[in-house]
Amino acid sequence: MVRAAVLHSAGAPLEITEIDLPDPGPGQVRVRLAAAGVCHSDLSLTRGKLRATLPLVLGHEGAGTVLAVGEGVTAVAPGDPVVLNWAPACRACPSCAIGEPWLCDNSGTASTGLYAALADGTGLHPGLGVGAFAEETVVHERAVLPLPAGVPLDAAALLGCAVLTGYGAVHSAARVRVGESVVVYGLGGIGLAVLQAARIAGAAPVVAVDVSPDKEELARRHGATEFLIADDSTPKAVRELTGGRGADHAFECVGRGSTIRSAWSATRRGGRTTVVGIGGKEDMVSFSALELFHYARTLTACVYGNCDPVESVPELAGHVRTGRLDLEALITDRIGLEDIPEAFERMAAGRGGRSLVVFDR
C-alpha cells in the first residue's frame, strides 16, 4: 500500500489515503516518486474543466527511481532515475510518422483503464495516465524517460511538463531567434519556464505580463527585462517597449480568451502569437476578417512544447548542467501530499511559481 492523493468527483476535496498498487505487468514500470510538480492541469481536473474518468490519482509531472519492471521492458532497469512522460507517443500513427509526436493519435492509450485500487477494492485511474501524486506509480514503459546525470532528482520532475512545455514553446513551436522581442502573458510555472527559454534563445527585450505586481521580482530573476501589470493598455505598453512595432513573439500561458486577444494585439505585424495555456471550450476569441489580413500575424497553439520528450529531456538536462536553465528558481514551495489543496489555492490566486510535492521530506 502507498499513500496517494485521490479525486473522487469534480469539485470534491482530495482524499489523502492508501492505495493498493499492483506489481508491474508486461511492458510496465513501477516507479518510486522523488517529487511531483503541481500543475494547472491538475487544478483543471479537480474543477471538471478537463474531463477524466473518476476516481483517479492526480499528478502527472514527476520524477523518481525505477523499483521494478515487467516482462519485456529493456529501456530501464531497477535503480534507474527517470522522468515521467504523461503523453508518450506510439511512434506508429500518422502524426508520429510525419514527425509530430506531440500530436500522437494514440497518446495516453497505453495507460487507460484501472491501474490501482482503494482499500475497499474500488478501482482507480491514473491522472493523465501517470498518477504522480502518490509515493509510487505503475506506468507503461513509454511513459518513463531516463534522467541524464547531473540533474537533481526532485527538481527533475519539472522537466516532465512545465519546463519541457515552456522551453519547447520558445525553441520548437515559435523558434525564437537571437535579438527577437518576446512578451509572456501569465507567470505560473510554465510562464516562468518560457521566460528562461527566451533568455536562453537570446531574445531581447523580454517583457513579462501578469495581474500580480508581486510577480515582478520573480519574472526578472527568470530573464524578464521588463514587467507590466496586465490591463487593457498592455498591448500599447508592449508596443512602446518594442520601438512602436509590437513583439516579434507573444506567448499566452493563461488559457483565457481575453488574454489570447491581448497577446495577439501586442504582437507586431507579421509576428507570431503562441497559445500555451489551456482554455475553456466556451471561452471564445474573435478577430475581424480585415485585421487578420492586415496584420498578417500567425496564431498557433502549442501542445506539450511541440517537441519530442525523448530528445528534449537530454537537451534540457544539458542546459541544467551548464547553469543556463535554473530548475530550483522555478520552485517556490516544497510541500507534502496533504498540502496540495493549498498549492491549488496559491495557483488559482496567481501567487508564487511551482509547488513541488517532495516525498520522504
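The values are calculated or read from the model by the stated rules, or taken from the named source; none is laboratory data. Here the structure is a predicted model, which is why all the values come from computation and not from measurement. Glycine also receives a Cβ, built like all others from the backbone with ideal geometry; neighbour counts cover every protein chain displayed. The area values use the complete protein model at the heavy-atom level, side chains included, leaving out ligands, DNA and RNA. Shrake-Rupley method; radii C 1.70, N 1.55, O 1.52, S 1.80 Å.
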Report task. Work out from phi, with θ = phi - 60° and the Karplus expression 6.51 cos²θ - 1.76 cosθ + 1.60, the ³J(HN,Hα) of each residue of the stretch 215-228, listed in order in whole Hz, and give x for Gly and Pro. Result -> 7, 4, 4, 4, 4, 5, 5, 9, x, 5, 9, 9, 9, 10
Report summary line: Sorted by chain and number, the residues with a modelled amide H under 5 Å from that of L50, at a separation of 5 or more or across chains, are L45
Report task. Give a residue-ordered list of calculated ³J(HN,Hα) values for the stretch 66-72 (Karplus: 6.51 cos²θ - 1.76 cosθ + 1.60, θ = phi - 60°; whole Hz; x for Gly, Pro). Result -> 5, 9, 7, 10, x, 4, x
Requested in this report: Would you pull out the residues with amide H under 5 Å of G59's amide H, same chain only if 5 or more places away, H placed 1.01 Å from N?
Outcome: A132, F133
Report summary line: Heavy-atom accessible area of V276, protein chains in place, probe 1.4 angstrom, given in Å² to nearest 10, is 10 Å²
Query - Positive-end residue, the stretch 221-361 charge dipole about Cα centroid, Cβ charges, pick of V357, V276, G243 - result: G243
Query raised in the report: If I190, I229 are ordered by their accessible area, calculated over protein heavy atoms with a 1.4 Å probe, which sequence runs from highest to lowest?
Result: I229, I190
Requested in this report: Run the dipole for the stretch 197-246 about the Cα centre, Lys and Arg Cβ at +1, Asp and Glu Cβ at -1, nothing else charged, and hand back the magnitude in debye, nearest 20.
Outcome: 280 debye
Query raised in the report: Taking only C-alpha pairs under 8 Å that are 6+ residues apart, what is the relative contact order of the stretch 234-353 in percent?
Result: 18 percent
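Determine the order of I278, I19 by accessible area, beginning with the largest, at a probe radius of 1.4 Å.
I278, I19
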Query - Loop-located trypsin sites (Lys or Arg not before Pro) in the stretch 206-310 whose Cβ has at most 13 other Cβ within 10 Å (DSSP) - result: K281
Query - 1.4 Å probe accessible area per residue over the stretch 151-210, in Å² - result: 21 Å²
**Report entry** Per-residue ³J(HN,Hα) for the stretch 118-130, Karplus 6.51 cos²θ - 1.76 cosθ + 1.60, θ = phi - 60°, Hz, x for Gly and Pro
**Finding:** 6, 4, 8, x, 4, x, 10, 9, x, x, 6, x, 10
Query raised in the report: For the stretch 1-115, what is the accessible area per residue in Å² when the probe is 1.4 Å?
Result: 44 Å²
Query raised in the report: Who wins for biggest fluctuation among G188, G280, G350 in a Gaussian network model of the chain, springs between alpha carbons below 10 Å?
Result: G280
Report summary line: Residues whose built amide H sits under 5 Å from the amide H of V183, excluding neighbours closer than 5 in sequence, are V207, H249, A250, F251
Query raised in the report: Counting Lys and Arg as +1 and Asp and Glu as -1, what is the net charge of the other residues whose Cβ lies under 12 Å from the Cβ of T122?
Result: -3
Query raised in the report: Taking one equal scatterer on every alpha-carbon of the chain, how large is log10 of I(q)/I(0) by Debye at q = 0.09 1/Å?
Result: -0.48
Report summary line: Rounded to the nearest 10 Å², the 1.4 Å probe accessible area of M284 is 150 Å²
Query raised in the report: Can you give me the Cα centroid spacing of the stretch 7-84 and the stretch 257-280 in angstrom?
Result: 32 Å
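Please report, as a whole percent, how much of the solvent-accessible surface of the chain comes from carbon and sulfur atoms (probe radius 1.4 Å).
Numbers: 7540 of 14970 Å².
After summing per-atom areas, the C and S share lands at 50 percent.
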Requested in this report: Can you tell me the dipole magnitude for the chain around its Cα centre, using point charges on the Cβ only (Lys, Arg +1; Asp, Glu -1), in Debye to the nearest 20?
Outcome: 1300 debye
